[in-house]
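Below is one structure, written out as C-alpha cells; the observations come after it.
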Amino acid sequence: MAFLTGFYALLFYFAAVVLVTGLVFKIQQYARTPAPLKIPTTPAPTTRGGVIFRMMREVVLFESLFRGNKWTWIFGWMFHFGLFLVTLRHLRYFIEPVWFPIQLVQPFGIYGGMAMVVGLAGLWVRRFFVDRVRYISAPSDHLILALLILIGCSGLMMKFVFHTDVVAIKTFFLGLYAFDVKPLPSDPLLLLHLLLVAVLMIVFPYSKLLHAPGLFFSPSRNQADNPRERRHIAPWARQLEQE
Amino acid sequence: MAKATFEVPALTQYTEIPAVTPDAMAHSAPFVAKADFQKPLGFPGGLVDDWQTTAIAKMRELLGRYRSLQVYLDSCVKCGACTDKCHYYLGTKDPKNMPVGRQDLMRKVYRRYFTLAGRFFPKLVGAEDFTKEVLDDWYSYYHQCSQCRRCSVFCPYGIDTAEISMAAREIMDSIGVGQKYCNEIIGKVYKIGNNLGLPGPALEDTLEGLEEDVYDETGVKVRYPIDEEGAEILLVTPSADFFAEPHVDGLIGYGKVFHEAGVTWTLSSHASEAANFGMFIGSYANMRRVAQRIREAAIQLKVKRIVFGECGHAWRVAYSFLNTLAGPWDFLDPRYPVPQHICEFTFDLIQQGRLTFDKSENDDKVLTYHDSCNVARASRMGDTPGGQFEIPRAIIRATCNHFYDMDEDTIRDRTFCCGGGGGLLTDDLMELRVKGAKPRLDALNNVMQEKGVTHMAAICAICKSQFTKVLPYYGMEMDQIVSLHQLVSNAIVLTGQGDGDLEDEDETDEAA
C-alpha cells in the first residue's frame, strides 16, 4: 500500500498548499481593495467596538439570516455549528499532546457530525422543493452539498460501523509535518473520507466557500456608521481631488 | 382609477410570495440615452465597437476599486434568504428580480472572465460569456432595481444588490449604453443647477409666491430667501420642493421652522438640487461633481451650516458620502453635524420646546409613515442608530393626534421601497413602478382598513412623486401622500399669528 500512502501524502501537501495560498491571495485581495464609500447597512453601530459585536453576532448566530429565513437559518446554523464541533474533535488527529479542551469536546463532536449531516440534508431539500431556491441553484451548488454530506456520512460510518485505525491515521498526519511519510490504513471508507476532504480544501479558495473570509470584509457589515464625524476617503478617490 | 396597459396586481392583506414566473418582466427597459445625454457625463454616445472587451476591462477596474463588488460577487452561497425580499420580485414574479437572480446576471460574467472555475467549467458554476443577450438582460434588469438595500438587511454576508446594479450601470455607461432618464437629469444639473431644469429667476418667482401665500394664510412674514450671502444656513432641497404637490407644502414647512428658530437661511441657485443621480448610475466621478456644487455654494454664500430637505437618496449621499465627496467641512460651524437633516433640525427645536403646535390642524387626517429606503437603510439621523426611524415619527406625534404604524415587517429597516427609487421614476417604466409599489401599498391598505388611516407621510421627493402617480392605479387618491413638513406646516403656530382677524377669515374660507 506504499503507493496509496504516497498518493495521499502528496494529495494533502498539494491540498494544503492550494488552500493556504489561495486563501492568502483572496484575503490580501479583499484587504487591499479599497472601500471608497461608507455603506454600512443601517442602523449600524457607530463605534469599532460596536462593529466587532455586530460581526460576532453574524459569525456566531447568523443574525441577518435569522431575520431573513427561519428554515435556512435552522439548517444552516445546525450545519455550521456541527462542522465547528467536528473540526474541534478532529484536532486530536493533528496535535500531540491533545489539549484538554479538545479532550472535553470529543463526545460533542459526534453530535456535531450528526447535526451537520441533518443540516446539510435540510439545505439540500430546499434546493429541490422551494421554487425560488431551485431557480438559483447551479450544478456546483448541489455538488458542494453532496461533497459535504459524503464527508459527514463517511466520517459517521467510520465511527459507528466500520472502524478504522485512528492511531495510524494520527501517525500519518503527524509524520507529514516532518516530511516523514508513515503508512496510512487502507480502509476504503477512510480513503474516500480523506479524498473528499482534500477536494474540499482544494475547492475552497475557488468557490462560494469564500463566503467565510468574505463576511469579514463585507462593507455593509464591517463599517462603523460615522461618516459625518470622520472623513472617509480611498486613495484613488484622493487622487481625483488633486487633479 | 388610472388607465393601465398592463395588469395591475390586486392588493392582498399580506404580501404573498409569488411562484417563480421566468421572464415576466423581460420586456421592461427604460429609454436609452442618446449621444446628447451621454457626452456631458463623459460617456460614449452609443454602443462602442469593441464593447465586450471594454466592458470586461471596466469590470476589472471596478473590481479593483470597490471592495464591495469584489467581495459580493465571490461570497454568495445561493442560500435564498433574499429571494422573497425585493418588492420588484414580489410585484412582478420575475425570478431575475430576486436579488440573487439580479446579482447572478453579473456574477455569471464575473465567473467566466475572472475566476478559475468559470474559465474551465462554466456550465458547472453557471458562468456565461458576456453576449449581447446578456447585455440586454443587464439593461433590462439592472433598471428594475431601485437600489433600496432591503436585500442587504437579510443577506448573511450583507451582500447589497444596489452595489452590483450601480456597478452594472457604470459598466454599461462606459460602453455607451446609458439610461436616458438619469443621464439627461445629471446633464441638467450641470447646465442649469437642478434636476427639473428650473433656472434661477423661476426659483425666485416661486419663492416670492410662497412668501405671499404664507403671509396671506398666517399674517406672518415668513421668508423664503435664495442666494443671500452671509445667511447662517444653506438649505439644499430636491427641486420638486419648489413646485410639485405635496413637496412644496414641505418647503413651506421648512421655512416656517427656520422662521420660528430665528435663524437666517438661504437656498442657492447654484446648488438648487439635493438629489444626486450620480449615485444611481454608480459613477463616483459624476456623483462627486454633483456634490461639489454644494461645497461651492456653501463657500460662495459664506454659510455656517448645511441643512438638507426631505429627500431619500439625497440624504444618503449627504449623510454618508458628502464628507467623502466634497469635504472636509472645516470652514463650517463645528458645533453642528455637516450636513443636518431638516428633521433633525425640527426635532431639536421640538425637544427644546421652541415650537408651538396646534395638533388639531391635522385632525382631518389619520397618518401613517413610510420609511424611505435610503434614509432607513443607508443613513442615520441624530446621535443614535435608528434615529432615522424615531425622529420623523416623533415629529409626526408632535404635530398630529392620529398616527398608526404599518405592519412591523414593512417599516423601519424592513421598509419596502416606494417602487420608484434608484433612477426608475420615469414614465417609460410605469408597469414596473406600479407593480413594485404593491408590497408597500398592501401594508398601507391594511392600516387604511384596520385603523382608518387616510394619509401616508414621507420624507423623500421620489417617494412622494411615485405615490402621487401610482396610488390611483390601486384605486387610492393621489393626495393621500403628504410631506412630513407639510404636517409641521399645518400645525405650527407662528409667533404673532392669529393676533388679528385672520383666523376668522380662515374659518369662513373653510366653511365656504
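Odds and ends about this structure:
- For segment B:1-53, the Kirkwood estimate of hydrodynamic radius, built from reciprocal distances between every pair of different alpha carbons, is 15.9 Å.
- D by Stokes-Einstein for segment A:19-164, Kirkwood Rh over Cα pairs, 37 °C, 0.692 mPa s: 181 µm²/s.
- DSSP beta bridges fully contained in the protein assembly as shown are about 10 percent antiparallel.
- Amide H contacts under 5 Å for B:Gln179, placed H, 5+ residues apart: B:Ala33
- Relative packing of peptides A:204-211, B:251-258 - highest average C-beta neighbours within 10 Å first: B:251-258, A:204-211
- The H on the amide N of B:Ala457, modeled in the peptide plane, is under 5 Å from the matching H of B:Thr368, B:Tyr369, B:His370, B:Val482, each at least 5 residues off or on a different chain.
- For chain B, size of Cβ-based charge dipole, Lys and Arg +1, Asp and Glu -1, in debye: 3480
- Fraction of beta bridges assigned by DSSP in chain B that are antiparallel (%, nearest 5): 10
- The phi torsions of segment B:4-12, fed into the Karplus equation with coefficients 6.51, -1.76 and 1.60 and a -60° offset, translate into couplings of 10, 8, 9, 7, 7, x, 7, 5, 10 Hz, rounded to whole numbers, with Gly and Pro shown as x.
- For the protein assembly as shown, a simple Cβ point-charge model (Lys and Arg +1, Asp and Glu -1, everything else neutral) yields a dipole of about 5080 debye relative to the Cα centre.
- Rounded FRET efficiency, nearest 0.05, which uses the C-beta distance separating B:Glu296 from B:Ala35 and R0 of 22 Å: 0.20
- Global geometry of segment A:199-243, whether rounded, prolate or oblate, following the gyration tensor of its Cα atoms and the 1.5 cut on a/c: oblate
- Taking 18 Å as the cut-off, the amide N atoms of segment B:44-83 that come nearer than this to a point 7 Å along the Cα-to-beta-carbon line of B:Asp129 belong to B:49-57.
- Segment B:303-369: C-alpha gyration tensor shape, a/c 1.5 cut-off, then a/b vs b/c: oblate
- Cut-off under 5 Å, modelled amide H: who pairs with B:Phe357 long-range: B:Val493
- Taking the inverse of the mean reciprocal distance over all distinct Cα pairs, the Kirkwood hydrodynamic radius of segment B:122-182 comes to 12.9 Å.
- Neighbour net charge for A:Phe75 - beta-carbon separation under 12 angstrom, K R +1, D E -1: +3
- Percentage, to the nearest whole number, of Cα pairs in the protein assembly as shown over 42 Å apart: 34
- Expressed in units of 2.2 N^0.38 Å, where N is the residue count, the Cα radius of gyration of segment B:205-334 is 1.05.
- Phi to ³J(HN,Hα) by Karplus 6.51 cos²θ - 1.76 cosθ + 1.60 over segment B:131-140, Hz, x for Gly, Pro: 8, 4, 4, 5, 4, 4, 4, 4, 4, 5
- For the protein assembly as shown, the residue among B:Phe120, B:His27, A:Leu191 whose Cα projects farthest onto the positive side of the dipole built from Cβ charges is A:Leu191.
- Tilt relative to chain B, helix B:502-511 - C-alpha long axis, 0 to 90 degrees, to 10: 60
- Here the calculated FRET efficiency for B:Asp348 and B:Asp407, from their Cβ-Cβ distance with R0 = 30 Å, stands at 0.50, rounded to the nearest 0.05.
- In loop segments of segment B:1-75 as defined by DSSP, the trypsin sites (Lys or Arg not before Pro) with at most 11 further C-beta atoms inside 10 Å of their C-beta are B:Lys3.
- Pair A:Phe100, B:Asp358: separation of 7 Å Cα→Cβ label points (nm): 7.7
- The residues packed around B:Lys39, meaning those with a beta-carbon under 15 Å from its beta-carbon, carry a net charge of +2 if Lys and Arg are +1 and Asp and Glu are -1.
- The simple spin-label model puts a point 7 Å past each Cα toward its Cβ; for A:Leu4 and A:Met56 those points are separated by 4.6 nm.
- Fraction of the pair-distance distribution of segment B:187-504 above 34 Å, Cα-Cα pairs, percent: 17
- HN-Hα J in Hz across segment A:192-209 - Karplus 6.51, -1.76, 1.60, θ = phi - 60°, x for Gly and Pro: 4, 3, 5, 4, 5, 5, 5, 4, 4, 5, 6, 6, 3, x, 10, 9, 5, 4
- All distinct Cα pairs of segment B:35-178 go into the 1/r average, and the inverse of that average, the Kirkwood radius, is 15.5 Å.
- Cβ-Cβ distance of B:Leu47 and B:Asp23, R₀ of 30 Å, FRET efficiency by 1/(1 + (r/R0)^6): the value works out to about 0.85.
Just so you know, all these numbers are worked out from the coordinates, no wet-lab data involved. Nothing here was measured: the structure is a model prediction, and the numbers come from that model. Cβ atoms come from the backbone with ideal geometry, glycine included; neighbour counts cover every protein chain shown.
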